[in-house]
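What follows is calculated from the coordinates using simple rules that are stated; it is not laboratory data. Since this is a predicted model, take the numbers as computed values, not measurements. When we count neighbours, we look across all protein chains shown, and the Cβ atoms used for this are built from the backbone with ideal geometry, even at glycine.
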C-alpha cells in the first residue's frame, strides 16, 4: 500500500495525528483465503495479538503468486508471500525480492529445514487418492501395467502436476520416460489445476486422482466419509512443503517477521491441518486432529533440492510431453 | 443501390475501433517492455498451433452445420414454451468452463448417464476424451450461439417474402434455395469465424476433454509462459501468433460475407405458411428435441448437483454474486459505448472488413491483456483497486465481436431502408440514434446486452490476475470453493451463477423484445 | 430559381447530363423510359447521388455539396418514407425538429398538418395500422410541416390505386400551391402530367432535357417522347 499509504499519511499529518493501524499485506493462493481455508482463522488469531490489520490477497495458485510478484517487482504492496512451495523456491529467490529470516521452530518435517529465506508452515506428500473399494497398485510400474484410470494435473499449469513430474523424475531418473510411457494409457485426462482433477475424480471419471496423502482426512473429518484413501507407493513419496517469506521491500519489516514467527507458532499450526488439509510444519501441542491417524504414512520421503529443480523440471517436462503426446 | 446515404457519423466509430486496438496492442507492448531475452518457438509450439487450428476448425464446422437445421426448425415452428426454450438454449454459452465440463461429464463421461445406458443395453462404452470430446464440448458451448445468430438472420427475412413463397407454392427445397440459402450465405461465414476464434483461445476445455498434452492449445502455452515460466517474451510472441491466426480467419470470413440486404417489410409479425407437411413437422420436431436434449440434459445435471449445494453456500458467495452483478452491468455499459459507434461505422461501409477489429478482443488472450494492463497500471496505482472495472472492460472486449455480429446486419438494413429519409429530415447524431436506430434495433440490443451481461457474469479470465479477497467474482469464488474441497458448495455457486446469468440474459432480451413490440 | 449547371452523373456505366433552370412555384414532371435516370436525377438534386461535374445553384448559392438535410428541398421515395416504429404524430414531428423536441406551437403545426390531410383522428397510430393511402397522407403532412421551397416526388404513390393516386396528386398540388413550393415529380403516366405539371423534363439517352411546357409537349411530342408514350 505504499503509494496510497503515503498519500493517506500526508493527509492525516495535515489534519490531526491519528494512530494508524498498520496494515500487513500477505499474498497467498486462492484456496487459502476461501471461507473453509485457513485464511479467516489465521487472520483472526494474528490480529488478536499484532495490533494490525492483516490482509490476505488471494491469487491463483503458488505459481501464479510468484508470477504476480515478478510483475509487480519492487513496487509490490505485499509484505509477505505465503504459499510458494519447494519447487518454486529457487525461482522465488532469483527475483531478489525476498529478505532473509531468522524464524526458528522445532520443525516436524521428514527432512531437515535449512533454508534461511523461507519458513515452512505446512507440508504433505503427493499421492494418488482412490475409493477403498478397489485394490490399488503398489508403485508406478504396477500402475502402468494395470487398467486403472487416473486423472493428473498438467505440470505446465499446476503445482501438483509439477510435483508428480518431479516425483517420477526423482524416483526413476533416466528411466522416467519409460514410466510415463507405461502410464500413458492409464491417464484419462490431464487438467489445468487440482480442483478440476479432484472434481473429475469425485464424479467417477477416474479410479485415482493425484492429490495428497492428507486428502482423505478431509473426507473423514468434514464429511464423515471413510471411503477415500491414499495409496502408498514403494518408490517413496514426493513432498510438497509450503513456505512463507517476507519481502525486503516491506514497509512493515518487524510486523512481517512477527507474522512469520506466528505461522510456525502453536496458534497457527493447530489451525492448518483441518483447514488446509496438510500436515503442520510444527507439531501442535494438542497433536494432530482426530482422523489424521487413519492416514497412510509413506516410509520414504522424496524431495529434490530447491536449486536443482529448474534444470530438472525442463528435462522432465520434455520427457512427459514426449511420452503422453503419442 | 449506389446512392450515398451515410447519416451515421463515422468519427466516433473509428475512435472506438482505435481504442480497442490500443487496448490490445498497448497490453502487448507493455508485456514486451518487460520481456527479457526468452526462448522463441519450441517444437511443441508447432504441434500446439496445428492442434489449436484443427480443433477450432472442427468445432466451428460442426457447430454451424448442426445449428442450421435447429435454427430452421425453430424459425418455422411455433409451440408452447418456444420462447423459454430459446432462452434456455443460450445457457451453455454463458456457463463457466468447469461447470459446463462437469455437466457434460455427468452425461457423456466414463460413468455418465450415456455410458450407464449403453452398459444397460450391453453396448460398449464410448469415451469422451480426445478430439471428439473437445469438439463435443465446443459444440455444446457454441451451438446455442450459432443457432441464435442464425435464427436472428431468419427473422430478418420480411414476412412478405414468406407470404410470397406461400403464394407461389414453393416447395421446401425452393424456399431454401430462394430465401434461406442467400440468408445463410450472409450469416454463416461470420458465425463460423466467430466460433472458430472463440475455440482458438480454448484452454481448459481442450486440455481436460482432450485427454492430455496431445490436446495442448496455444492458450495453454501462453498460460504456461505467463504463469509458470514467467517468460514474457515468449508469451507475447505466442499471443501475436494467436492474434494473427484469429485475425486471418476473421478477415477471410468477413471478406466472403456478401453485402446483400434482405430489405424490409412493414414490421408484420412473422407467420409462416410454408413447410406445413407432416414429414417436415416431424423432422423439425426431432431436430428441436435432439438439440434441446443435447443442451439441456447436461444443464439439468448442473442444476441437480447445485440444488443441494445452495444451502451450504457461505455468505461470501452472495457477496461475490454482488460483485459479479456489478461487473456485468458495467460490462454492458462499457460495451454499449464501444459497440454502438463501431457498429454504426461498420454498417455504413460497403465492405465489412473492419468488423475484424472487433474480433481482436476475443482472439487476444485475456491473460495477455490482463498482464499488459497490470504492468501499465501498477506504477500508477494498486491494480486491485481497478480489478472490477478492468474485468468489465476486458469482458466487454470479449463480447464485442458477438455484439457486432448481432447488431451490424440489422443496423445495415436500417440505414439502407431509412438512411435517405433521415437525411432529408436532417437527422444526425443523437436524434438519429434515439428515434431511429435504437428503436429499430431494440430486439438485437436486448439480445446483445443480455449476452454481454451473462458472459461477463460467468467469465473467469482477467479477474484472477487482479482480484483480492474482497473483489472476488462469483466464478472466482466458485473455484476457490472447489480448491478447498467444497465441491458441494461450489456446485451451489455454479447453480446460482447459472440462474443469474440466465436471468440477466432473459431480462435484457425481454426488455428488447418489449420495446420492439411496443 | 434552382439552376443545374452542366451536371454530369456517373454511376458505373450509367451516365446522365443535365443543364436547366427551374422556377419556384412551378410543377415539373420528370418522364422517360425505365432506367433512363429519372430517380437518379432527383437523387442528385437532393444530394444522395454525387455529381461528377457541374453545380447545383439555389438562389445564387452553390449547394452542390450540401448534405441532403440542408438543401431547400424534401423528397418522398417509393418506399420507407415513414418509420414503422414511430406514431403518426412522431413521424410528422420529425419534419419540424429532427431531435423531436417539439414546442407547443410545433405540436399545433403537426396537428394542423394532420388535419389538413384528413388524418386528425389517426395521430396516435403506427403506420402499420394505416392503409396505403393514409400512409401517403402522413408523409405529405410531413412535407407540409417541413415547408421547403421544393418538393421532390419519386413515385411515392405508385402502389396506390388509380383513383387514390389522383386524389394524392391533387392533395400534393393543393399543398404546394398553398406553400408556394416548387414540385418535381417522377411519373410514368401522361394523365398525371396533364393533371398537375406545368413543365415536363424528358429524360432519355443519358440526357435530362430542359423543361418544356407540359400541354404543348404532350400535344405535340418529339419522336423520342412519342416512342416512349406509345
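What the table below lists for this structure:
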read-out	value
Cα gyration tensor shape of chain B, rounded if a/c is under 1.5, else prolate or oblate by comparing a/b with b/c	oblate
Ranked list, fewest to most other Cβ atoms within 10 Å of each Cβ, for B:447, A:128	B:447, A:128
Neighbour-count ranking [beta-carbon atoms within 10 angstrom, fewest first] of A:146, A:250, C:103	C:103, A:146, A:250
Acute angle (nearest 10 degrees) that the helix A:62-72 long axis makes with the longest principal axis of chain A, alpha-carbon atoms	40 degrees
Chain B, relative contact order in percent, only Cα pairs under 8 angstrom and at least six apart counted	26 percent
Cα gyration tensor shape of segment A:177-326, rounded if a/c is under 1.5, else prolate or oblate by comparing a/b with b/c	oblate
Rel. contact order, % - alpha carbon contacts under 8 angstrom, at least six apart, segment C:130-196	41 percent
Angle in degrees between helix C:132-146 and the longest Cα principal axis of chain C, rounded to the nearest 10	90 degrees
Chain C: angle of helix C:162-179 to the longest principal axis, Cα-based, in degrees nearest 10	80 degrees
Modelled FRET efficiency - R0 30 Å, residue B:434 with residue B:252, Cβ distances, 0.05 increments	0.25
Residue C:20-residue B:279 pseudo-label distance in nm [points 7 Å out on the Cα-to-Cβ vector]	5.9 nm
Anisotropy class of segment C:144-213 from Cα gyration tensor, a/c 1.5 cut	oblate
C-alpha center-to-center spacing [segment B:83-141, segment B:43-68] in angstrom	18 Å
Mean ellipticity per residue at 222 nm, deg cm²/dmol - from DSSP H runs of n ≥ 4 across chain C, formula -39500 (n - 2.57)	-10500 deg cm²/dmol
Distance-filtered residues of segment A:271-290 - backbone nitrogen under 13 Å, label point 7 angstrom along residue A:44 Cα→Cβ	A:271
Stretchable slack from residue B:50 to residue B:289, in nm (0.36 nm times residue separation minus alpha-carbon distance)	82.5 nm
Whole-number percent relative contact order across segment C:148-229, with pairs defined as alpha carbons under 8 Å at least 6 apart	26 percent
Inter-label distance, nm, simple model (7 Å from Cα along the C-beta direction), residue B:33/residue C:65	4.1 nm
Test item: B:221-234 mean partner chain Cβ contacts at 10 Å	5
Value of [θ]222 nm, deg cm²/dmol, for chain A, DSSP H segments ≥ 4, -39500 (n - 2.57) each, nearest 500	-11000 deg cm²/dmol
Residue-averaged [θ]222 nm for chain B, counting only DSSP H segments that reach four residues, each worth -39500 (n - 2.57)	-24000 deg cm²/dmol
Ranked C:107, A:169, criterion: other C-beta atoms within 10 Å, fewest first	C:107, A:169
Virtual spin-label span in nm between residue C:107 and residue B:84, 7 Å along Cα→Cβ	4.4 nm
